[in-house]
Structure formats: structure tokens, C-alpha cells
Amino acid sequence: MVYREVSVIEVREALRAWLAGKSERAVARQAGVDRKTGKRYVTAAVAAGLLRDGGEGQLTDELIGQVVSVVRPVRPDGHGQGWAELEARREQIVKWVEGDVPVVKIGILLARQGVMVAERTLHRFAAERCGGGKVTTPVDDGPPGGELQIDFGDLGLIPAGDGRRRKLRALVFTACFSRYMFVYLTFSMTLEEVIAGCEEAWQFFSGVFRVVVPDNMSPVVAKADAVNPQLTREWLEYSQARGFATDPARVRHPRDKPRVEAGVKFVQGNFFAGETFLDLADARAKMTAWLGTANTRVHGTTRQVPAVVFAGQEAPCLLPVPAGRYQVPYWAEVKVHVDYHIQVARALYSVPWRHAGARVMARADEHLVKVYLRNQLIKTHPRKHPGGRSTDAADMPPGVEGYATRSVDRLVAQAACYGESTGIYARRLLDGDQPWMMMRSAYRLIGLAKRYGAEAAEAACARALDVDVINVSKIESMLKNATEKAPAVGGLAAAASSGRGRFARDAAEYATATGVRLRVVPGGDPATAAGGEGGPPARPGDRS
């Protein structure tokens, strides 16, 4: 049985109405009690000797006390029979409460044992005698402009275009001191949307709060902890840019942010319930109008108008509103490839070649890409579009800049380090409309100079230039056979100086193994080839 306190004034008023000749319904209404309760008062008073025509002088304290004793039997401890039955099983109930068994389930377990008590009585018993009650201590709102609580709340499905429906979410911002509220509607809970909501909130409040109390949403909290929560790098950088501190609520502790929890329920019930929205843009437009009404109502707890309190006391205490829109950076851990480049947002950027194979952190915003190694900045590049590349020649290994940039002049200068003729020979190799097609030959020439020495390469190149032979294979052949300094054959020098063909050879070079010498016939005269004018005919063994 559930008991309530019986007021002496309540009993006296019910009996006064009865003495005045009023009906049972009128008696109950005048005393402010239930009809059955009023009837019980009258019945107990009549049993105690109250006469209807005896006047109000009969309503003495003694008579009222007798009525109360009948209606509410004396309970020394202030509790009824059900409480006494629970006291007899207190030890078992304490174990259930400590084991997080719900009170409703405890009532079912007691009913199996034949103990039938009111659920409210069981709740009060568990709270008062079994440690199941939690005392809520009101927390001070803090100074004006000091704290802003943030939380996401699911609203429901709305059209999202292309015949689809998506779940609409509300990112609610509640100022603790004034209860002034802002709501940002979105379909997702990404970092970009959270920061976009914050940027809209700063414009709405015309300033930034000093402390932000968010839920443990993944874009904000990387690792939840009651004492030392770890914030994400992106959110920490944003809070530094805007000048506020972050104090996340504990996991599954909604009482850490009760102001915004109430705000979320208010938005769900007062704004979204029963409404129809065309799309996200329509919902945001209606939210703007709704906020004007919500912030000008009398708040149920403070009994003040949030907009008035905010404008008069809180707005002057906020940090200045940001001048420009915040650009959300892109952070990524990437590997430096063998070509000493990293890929960030589908674009390539160079880092010093000695870091090849290392893992670095890259930060990209709208204008710059910064590369960090063990929290030390090692490179900065202008931001490139996807597919683009930014390469700094200073990041290349020594000696490869000419190869990487296809620089003809740099390659010629490198060859000229081994001698003047070597440099000229390299220039002749690369002299053309498409010099990069001959770069391998130039690198081969430089390699020969390194292998055989600058002096030998210089002599070979000089001899080849004399006869206009531009072929690296010939240079290699001379260096292998050590003929770069050998004296030239007489006929070869004469041919070179007389302007004859550059491949002309002396007749002695055409000697055969049989000893038969070849005779050169000037003008190709057959008579001369046969031994001269009037001479004997040529023998079958002779060659011309």
C-alpha cells in the first residue's frame, strides 16, 4: 500500500464542507482530495461523534486527531507493512542492487518469494537503505561566457535528394549561464561538419566561449579518459586557432553536460516532432526561425529569457569572433618512397632524399603542405591539385639534378670537368632537337671518363673529334684497346687533311693472308689493273 501524509488542515476543511451540507463530491473538491479520501474523513469523524447539525465548534483538535489516527494508523518508523517486509530481506536486496539488477526486476524476484510491494515503495527502499539512490548536486553555471556545452542528437529521416531519405542530426550548442542556444543541422558527424557547426555558432553568438564541453564524439576525442582525455590532432589545432579550451564529458555520464542534454530533448520534441521538411536546406531555414522563438521564451529552470540574459550579461564576456573562416587541415601519416616523394591528397611532394623509407606526418590546408618528422618540420610545399607534383631540386641526391630535370647544360658541364674535348664531345652528342634521347650516351661518356681516367678520355675524344666520329662506342673501343694515343696512319691523316672521305683507308690495310697485294687503280682503268699499258693480262689469282 502506498501512503501519503495527511494534513490536519485538509481534514478540517473536508469536515467543514460536510457540516455545511455539501455533497461528497463537493466535500472532496473543497478539501482538494479524492472523493474516496473525503468520504473516509467524514466516516471516521461521524464514528468519533461528529453531528452534522452540531456546528463547527465540534471540530476540536482532539476530534481531528481521532480522524487522523483512523485514516492513517500510527507507524513508529514512518513506514507501512510493505517496508517492514523489505527490511526483512534487506541483505538480499542490497546484493541485487550492487549487482546492477534493475528495481523492476527486483520486484519480480520478490514476487516469486511471495512479497508483494508497491514499485514506488521498492524504489524508495533501494535508494534509502541499499545504496541504490544517487544524489544529484546542482552545479554552478559558472561565469558569463565561461562554458558552452555541445552534443549531437538524432532527429529523424528527411528527404535528401534523388528519392533518398537520410537521418537528420542536430548539433546543439547551449550556453550554461544564459541557456542561449544554437542548433546546426547536418546529415553526418564528421570532423568537417563539427567544425563547420562551431564556425556557425561563433557567428551566431558573435564571439567564442572560453571552455567547450563536448560529448566523446570521435572527431573530438581520440582516447576517452575521465582524467586525461586525448583529443584528436585536428580538434586540438582548431581549439588553439580559436582560443578555447576543451573539457570533454566522461563516457556515459550525461550529467556532465546536463544543460545541452535538456536542449537536445527540447529540439527533438519542440522543433522536429510532427514537422515535415522538404530537404536539409528547408530544415535549416525553419531552424533559424525556430531559434528566434526558443531563445525568447521563459526558460523553465532559470525563469528568465535566454536571449535577454545573453545579450545583457554574457555576450560582452566572449572572446572576439573569428575574422575569417577556418580551413580544416588534412593530416596523414605517409611513407617517403624511394624517389624521396610522398603522396598527400593524391598529389606528390618531395622531401630530403636521406629520409627515404621513413614515415612522416603531413599536414595540408588550402595553401600549404607541411611535412613533419618526429614533430620537427622538415619541408614545406605549396598545395597542388590532385595529380600535381612539387619537387625541390635541393631534396635530390648529389649529382642527379641534371638527370632529373633533363638539363643539357648541366650534363655538358659535368662532362667538361674531365677535359675540354670531353665537354665538346658531350655537346656534340646532345646537339639536336630532342637532346634527351641522347642523354644515355652522354652519361655513358662520363662513366668512361670515370673508369679510364680523365686524360685517356680527353685524348680519345680529341682524336674522335679530329675525324668527326661522334659515337660513344668508338670512344669505348679506343679506351679498351688503349689506342687513343696511337699515331694515326699516314693515309688516314692525309685523307682527313685533303678533304677525302672520313672512312678512307691506306692500301696496305687491305693486305691478304696469301701475300697477294691489292693494287689501287686510279680511275678504275682495266688496262692498268692488268699490269699497265701493254702489260700481260691479269692472272686468275690477282685481285683488284
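Structure above, values below:
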| item | result |
| --- | --- |
| Nearest-0.05 FRET efficiency for Glu455 and Glu420, computed from C-beta distance (R0 22 Å) | 0.95 |
| Residue-by-residue Karplus 3J(HN,Hα) for segment 416-422, coefficients 6.51, -1.76, 1.60, Hz, glycine and proline x | 5, 5, 9, x, 5, 5, 5 |
| For segment 299-420, projected area of the alpha-carbon convex hull averaged over all directions, nm² | 13.5 |
| Relative packing of peptides 291-302, 440-451 - highest average C-beta neighbours within 10 Å first | 440-451, 291-302 |
| Euclidean distance between Cα centres, segment 407-448 to segment 301-337, Å | 62 |
| With 10 Å bins from 0: P(r) over segment 209-298, alpha-carbon pairs, percent | 14, 34, 32, 20, 0 |
| Separation of the Asn270 and Ala224 label points, Cα + 7 Å toward Cβ, nm | 2.8 |
| Sequence-separation-based contact order of segment 198-348, relative, with Cα cut under 8 Å and 6+ spacing, percent | 26 |
| Tail weight of P(r) past 19 Å, computed on alpha-carbon pairs of segment 197-255, percent | 28 |
| Radius of gyration and maximum dimension Dmax of segment 135-278, Cα, Å | 15.4, 51 |
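Here, each number is a calculation from the coordinates, and none is a lab measurement. Nothing here was measured: the structure is a model prediction, and the numbers come from that model. We place every Cβ from the backbone using ideal geometry, glycine too, and count neighbours over all the protein chains shown.
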